[in-house]
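Chemist: Shown below is the structure under consideration.
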Amino acid sequence: MSDRDDRFVEMLLTHEIAQFLYREAELLDERRYEAWLALLSDDIRYWMPMRRNVKFGEESREFTREITDINWFDEGKETLTRRVRQIETGIHWAEEPVSRIAHLVTNVQLIEAMPSAAEAREVSVKCRFLIYRNRVETETDILVGKREDLLRRDGDDWKIARRKIILDQNVLLSKNLTFFF
Amino acid sequence: MATAHVGGYRPGLVDLKTGQISREIFVNEDIYAEEQERVFARAWLYVGHESQVPNPGDFFVSGMGEESVILTRDRAGQVRVFLNSCRHRGMKVCRYDEGNTTVFTCPYHGWSYGTDGRLVGVPYFREAYHSQLDRLQWGLVEVAQTCVHKGTVWATWDKDAPPFLEYLGDFARYLDQMFDSWDGSDGGTEILGGVQKWLVPSNWKFPAENFSGDSYHNISHRSVDMVGAGPSGSGRRDMPELNLARKLHIAIPDRGHQTTAYLLPREVEVPAGYQHSPVVSDYFKKCEEARRQQRGDWGRLITLVGEVFPSMAFLARQPRTIAVWHPRGPHQTEVWRWFLVDKNAPQDVKNFLRDYYIRYSGPAGMTEQDDMENWGYAHKASRGTIARRYSYSYEQGMGTEVDNYEWEGFSLPGSVTDLTQAKSSEHNLRNLYRRWAEFMEASDWDELASWRRAQRAAAE
Amino acid sequence: MSDPINVRTLPPGTRIVTADGAVAEIVSNPADGVWLFARYVESPSDPALVGQEDMIFAQDVVEVRPT
Ligand code: FES
Ligand SMILES: [Fe+2]
């Protein structure tokens, strides 16, 4: 393939991945949780570290570590499913009445396609998110950060195999995290 | 009881004869300002864990009430607690959450303090101050007293406060379970990395009373009980011994500390919890046996959720956590959360518990999310002029508490309500507010340390 | 005035020149960008300082001697 073809293939893949991420956001915002859960691979790792203020040069200590430390989230599909089920009880008061949520997904960057863009079976992709949550009357949260996803080819579609969520906050400014990133 | 919300605290807002407490104490700004002075500036407060500052020069920035403090281990190896504010013009001296340092240097004009708090560096000391500044007078403000208790670090701004163990009184026995390992070994716990910090839109006393033993609010957690916090636990958060044990409210009236607890029967073997995870189930079973052997009757007691007056809460059972309620104005609280595991537990057990902790507690905790929703909207709905006229009811189980509670030949210190039949009581909550009112009214520690007067009287 | 020097990253052993012409060797660096712990090796204006250890303020550092 020519160089030009390579770039074209990569562009198509980036477009496909971005569309996938937008569609995923749509499912969450429309509260179509069943369809959203179906996009998660059975072995998904969903991880959101906490962040410390550290001295310049000590960045290695900025994030809490997965598996060893306490994090905001560090779990898999079973417990994500339970979280959905909890909302669906209709008596999970932190989400009852349900919040109004909008996921803005942007700056989608294809980081790596494995084994290649033309035959991608796995892709790692970065993006920015802005999650707007408004609930009851005036209660409003805006959470902004980065996401690093690993997506896996699944027939004609993709599944999310890993999601690292980097929230740009130290003290969490929201009283809870009852929604998905 | 109608109470106009002019002015601050006055006796009667906490009326334990009728079991009514005015909403003013939660939402009134004057009362809030007074309680910073009368409660937070006089009580012992939880600052952190020694394992967060293992080496000289290590520091962890913590909080006491509204204020930022630096917990550090000085060059001589001693644990110290300082106000995190420069003496020159108040700049926050340390804005890193943790680390290791030789000096705390103020970014504003460059005053620099040693880890022992001494002012060691003053820019242009010779030129601008003509070597006249008395540096000894201008070290970081240090707390009046510090105490390291089973790895936990406590401090108070009041030099007249009694020593920490006296402050705990009989509660120390109950609190042991929080810091000892599950098999009963002394102080055998460690902190998992990472302190959760988040904001809750309610007065700090809402979480404080909830953790004091609000055994009535289980209904609010029904959604998590239905789906389970998983991955391998069954639906209920309660453990099987619930059916065999006495469930108790235990309060130490003259100190203001309180906890809920299970007292297990002497002979019956307790069915193992965590059946879905054999490693964990096994570990707890072994520990349970060891604890009973080592501690005798006290080994039958399982401390659950409680509160050291005023603002340190704990869950001694799983999820084993320490929470501190930092007031951020009358209408907001910053919660800090530490999680503990047995130092000697197998890694698998630590991992299992850590996962469980995160799913249970904190902002992403499937249980606590509902608590915070309730505290926030309870607070908000209590702020109005009309709402404030109507007290809250704390009448549940009034007069049912006993001193010298005894079961199967084991008697417990403190004032105890047996909830086994009653299901619930607000005994512990009343205990919290009794002490809170005493702090608001007492002029000094001589008055607050009522047990000392009783001891003196007995001696005469 | 000379260009400000970032003293934060200067390693121990580095020699610096102060505003009043003294030369000092860094003993330790707290890496705060404000102070250096150093020992005087030359001090024309006050020879008694030579050999003494002192905290040196970043604004007093006018030159870093090449090693
Ligand atoms: S405020 Fe710290 S040196 Fe001036
Ligand atoms: Fe609760």
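Chemist: Could you grab me the full set of residues in the range B:359-388 that are hydrophobic (A, V, I, L, M, F, W, C), facing another protein chain (nearest Cβ under 9 Å) and assigned to a helix (DSSP H, G or I)?
Modeler: Once the filter is applied, which keeps residues that are hydrophobic (A, V, I, L, M, F, W, C), facing another protein chain (nearest Cβ under 9 Å) and assigned to a helix (DSSP H, G or I), the range B:359-388 yields B:M372, B:W375.
Chemist: Which one is nearest to B:E127 (Cα to Cα), of the residues in the range C:34-57 that are aliphatic (A, V, I, L, M) and over 8 Å from the mean Cα position of the chain (by Cα)? Explain how you work it out, then say what you get.
Modeler: So the first thing to find is which residues in the range C:34-57 are aliphatic (A, V, I, L, M), and the list is C:34, C:36, C:38, C:41, C:48-50, C:55-56.
Still in the running and over 8 Å from the mean Cα position of the chain (by Cα): C:34, C:41, C:48-50, C:55.
Numbers: C:V34: 17, C:V41: 22, C:A48: 18, C:L49: 16, C:V50: 20, C:M55: 15 Å.
Of everything passing the filter in the range C:34-57, C:M55 is nearest to B:E127 (Cα to Cα).
Chemist: Follow-up. I'd like the full set of residues that are at the interface with chain B (Cβ under 9 Å from one of its Cβ atoms) and surrounded by fewer than 17 Cβ atoms within 10 Å (Cβ to Cβ), limited to the range C:34-67. Walk me through it before giving the result.
Modeler: Narrowing the range C:34-67 to residues at the interface with chain B (Cβ under 9 Å from one of its Cβ atoms): C:34-35, C:37, C:55, C:57-60.
Listed by number, the list holds a single entry, C:Q59.
Chemist: Sort out which residues of the range B:75-95 are surrounded by fewer than 18 Cβ atoms within 10 Å (Cβ to Cβ) and either outside the structural domain of B:S62 (by TED's automatic domain parsing) or of a type in the set (F, W, Y) (or both), and write them in order of number.
Modeler: Listed by number, the list is empty, since nothing qualifies.
Chemist: From the set of residues in the range A:90-110 that are over 14 Å from A:R31 (Cβ atoms) and within 14 Å of chain B (Cβ to nearest Cβ), which is least open to solvent (accessible area, probe 1.4 Å)?
Modeler: Within the range A:90-110, the subset over 14 Å from A:R31 (Cβ atoms) is A:91, A:93-94, A:104-110.
Filter once more, so that each one left must be within 14 Å of chain B (Cβ to nearest Cβ): A:91, A:93-94.
Details: A:I91: 44, A:W93: 92, A:A94: 0 Å².
Checked the range A:90-110; the qualifying residue least open to solvent (accessible area, probe 1.4 Å) is A:A94.
Chemist: May I ask you to list the residues in the range B:65-97 that are part of a loop (DSSP other than H, G, I, E, B) and either of a type in the set (V, I, T) or in contact with a Pro (Cβ under 7 Å, 6 or more places away or on another chain) (or both)?
Modeler: Our first condition is that a residue be part of a loop (DSSP other than H, G, I, E, B); within the range B:65-97, this holds for B:65-66, B:74-78, B:84-97.
B:G65, B:E66, B:D74, B:R75, B:G77, B:M91, B:V93, listed by residue number.
Chemist: Counting just the residues of the range B:98-123 that are free of Cβ contacts under 8 Å to residues at least 24 places away in the same chain and touching a Pro at 6+ places or on another chain (Cβ under 6 Å), which one comes out farthest from ligand 2 (Cβ to nearest atom)? Walk me through how you get there before you give the answer.
Modeler: To start, the set of residues in the range B:98-123 that are free of Cβ contacts under 8 Å to residues at least 24 places away in the same chain comprises B:103, B:105-110, B:112, B:118, B:120-123.
Checking which are touching a Pro at 6+ places or on another chain (Cβ under 6 Å) leaves us with B:103, B:110.
Details: B:V103: 43, B:G110: 47 Å.
So the residue we want is B:G110.
Chemist: Just for the range A:141-181: of the residues that are assigned to a loop (DSSP other than H, G, I, E, B) and of a type in the set (G, A, S), which one is nearest to the other protein chains (Cβ to nearest Cβ)?
Modeler: Going through the qualifying residues, I end up with A:S174.
Chemist: All but one of (1) surrounded by fewer than 17 Cβ atoms within 10 Å (Cβ to Cβ); (2) within 16 Å of ligand 1 (Cβ to nearest atom); (3) part of a loop (DSSP other than H, G, I, E, B) hold for B:P123; which doesn't?
Modeler: With respect to (1) surrounded by fewer than 17 Cβ atoms within 10 Å (Cβ to Cβ); (2) within 16 Å of ligand 1 (Cβ to nearest atom); (3) part of a loop (DSSP other than H, G, I, E, B), B:P123 is out only on (1).
Chemist: When you go through (1) open to solvent by 10 Å² or more (accessible area, probe 1.4 Å); (2) more than 15 Å from A:E75 (Cβ to Cβ); (3) away from chain A (no Cβ under 11 Å) one by one for B:F352, which number turns out not to apply?
Modeler: Result: B:F352 fails condition (2) only.
Chemist: With respect to the numbered conditions (1) more than 9 Å from every other protein chain (Cβ to nearest Cβ); (2) over 24 Å from B:S202 (Cβ atoms); (3) of a type in the set (A, V, I, L, M, F, W, C), which one is the sole condition not fulfilled by A:I67?
Modeler: (1)
Residue by residue, here is whether (1) touching a strand residue (DSSP E or B) at 6+ places or on another chain (Cβ under 6 Å); (2) of a type outside the set (A, V, I, L, M); (3) outside any helix (DSSP H, G or I) holds:
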site	(1), (2), (3)
A:E24	no, yes, no
A:S41	yes, yes, yes
A:F56	no, yes, yes
A:I111	yes, no, yes
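Chemist: Answer yes or no: is there a residue in the range B:304-313 that is within 23 Å of B:F164 (Cα to Cα) and polar (S, T, N, Q).
Modeler: Taking the range B:304-313 first, the residues within 23 Å of B:F164 (Cα to Cα) are B:304-313.
Retained after the next criterion (residues that are polar (S, T, N, Q)): B:311.
Yes: one or more hits.
Chemist: Output the residues belonging to the range B:374-391 that are open to solvent by less than 10 Å² (accessible area, probe 1.4 Å) and within 22 Å of the chain's Cα centre (by Cα).
Modeler: Here is the first cut: in the range B:374-391, the residues open to solvent by less than 10 Å² (accessible area, probe 1.4 Å) are B:376, B:379, B:382.
Correct list: B:G376, B:H379.
Chemist: Does at least one position in the range B:389-403 carry a residue that is within 14 Å of another protein chain (Cβ to nearest Cβ) and touching a residue at least 60 places away in the same chain (Cβ under 8 Å)?
Modeler: Taking the range B:389-403 as the starting set, the residues that turn out to be within 14 Å of another protein chain (Cβ to nearest Cβ) are none.
No, because not a single residue in the range B:389-403 is within 14 Å of another protein chain (Cβ to nearest Cβ) and touching a residue at least 60 places away in the same chain (Cβ under 8 Å).
Chemist: Between a residue in the range A:29-56 that is over 16 Å from A:N170 (Cβ atoms) and at pLDDT 95 or above and any residue that is of a type in the set (D, E) and in a helix (DSSP H, G or I), which pairs come within a Cβ distance under 6 Å, given they are 6 or more apart or on different chains?
Modeler: That search, which allows pairs on different chains as well, returns A:L39/A:E24.
Chemist: Then there's this: Has the range B:138-147 got at least one residue that is in a strand (DSSP E or B), touching a helix residue (DSSP H, G or I) at 6+ places or on another chain (Cβ under 6 Å) and not aromatic (F, W, Y)?
Modeler: First, pick out the residues of the range B:138-147 that are in a strand (DSSP E or B): B:142, B:145-147.
Next, from what is left, pick out any that are touching a helix residue (DSSP H, G or I) at 6+ places or on another chain (Cβ under 6 Å): B:147.
If we keep only those that are not aromatic (F, W, Y) too, we end up with B:147.
Yes, the range B:138-147 contains a residue that is in a strand (DSSP E or B), touching a helix residue (DSSP H, G or I) at 6+ places or on another chain (Cβ under 6 Å) and not aromatic (F, W, Y).
Chemist: Confirm whether C:A31 is open to solvent by less than 70 Å² (accessible area, probe 1.4 Å), within 15 Å of B:G121 (Cβ to Cβ) and either out of contact with any strand residue (DSSP E or B) (no Cβ under 9 Å at 6 or more places or on another chain) or part of a loop (DSSP other than H, G, I, E, B) (or both). It would help to see each step written out before you state the result.
Modeler: Values: open to solvent by less than 70 Å² (accessible area, probe 1.4 Å): yes; within 15 Å of B:G121 (Cβ to Cβ): yes; either out of contact with any strand residue (DSSP E or B) (no Cβ under 9 Å at 6 or more places or on another chain) or part of a loop (DSSP other than H, G, I, E, B) (or both): yes.
The answer is yes for C:A31.
Chemist: Which ones in the range B:19-57 are surrounded by 22 or more Cβ atoms within 10 Å (Cβ to Cβ) and outside any helix (DSSP H, G or I)?
Modeler: B:I21, B:S22, B:R23, B:N28, B:A43, B:W44, B:L45, B:Y46, B:V47, B:G48, B:H49, B:V53
Chemist: For B:T417, state whether it is closer than 19 Å to B:H249 by Cβ and either in a loop (DSSP other than H, G, I, E, B) or not assigned by TED's automatic domain parsing to the domain that holds B:W198 (or both).
Modeler: On the way: closer than 19 Å to B:H249 by Cβ: yes; either in a loop (DSSP other than H, G, I, E, B) or not assigned by TED's automatic domain parsing to the domain that holds B:W198 (or both): no.
Considered against the rule, which asks whether it is closer than 19 Å to B:H249 by Cβ and either in a loop (DSSP other than H, G, I, E, B) or not assigned by TED's automatic domain parsing to the domain that holds B:W198 (or both), B:T417 comes out as no.
Chemist: Let me ask something else about it. What about A:A120, is it of a type outside the set (D, E), farther than 26 Å from A:R52 by Cβ, touching a residue at least 60 places away in the same chain (Cβ under 8 Å) and crowded, with 20+ Cβ neighbours inside 10 Å?
Modeler: Working: of a type outside the set (D, E): yes; farther than 26 Å from A:R52 by Cβ: yes; touching a residue at least 60 places away in the same chain (Cβ under 8 Å): yes; crowded, with 20+ Cβ neighbours inside 10 Å: yes.
In short, yes.
Chemist: If you don't mind, there's one more thing I want to ask. How many residues does the range B:165-210 contain that are open to solvent by less than 10 Å² (accessible area, probe 1.4 Å), within 16 Å of ligand 2 (Cβ to nearest atom) and away from chain A (no Cβ under 14 Å)?
Modeler: 2
Chemist: Can you tell me which residues in the range A:9-51 are open to solvent by less than 40 Å² (accessible area, probe 1.4 Å) and more than 15 Å from A:W158 (Cβ to Cβ)?
Modeler: A:V9, A:L28, A:Y33, A:Y46, A:W47, A:M48, A:P49, A:M50
Chemist: Next question. Checking B:A229 against (1) modelled with pLDDT of 95 or more; (2) closer than 30 Å to B:K380 by Cβ; (3) within 14 Å of chain A (Cβ to nearest Cβ), only one condition comes out false. Which one?
Modeler: (1)
The values are calculated or read from the model by the stated rules, or taken from the named source; none is laboratory data. It should be emphasised that the depicted structure is a prediction, and the values quoted were computed from it without experimental measurement. Neighbour counts are summed over all protein chains in view; Cβ atoms, including those assigned to glycine, are modelled from backbone coordinates with ideal geometry. The protein model used for the area step is the full one, side chains on, heavy atoms only, and it has no ligands, DNA or RNA in it. Shrake-Rupley method; radii C 1.70, N 1.55, O 1.52, S 1.80 Å.
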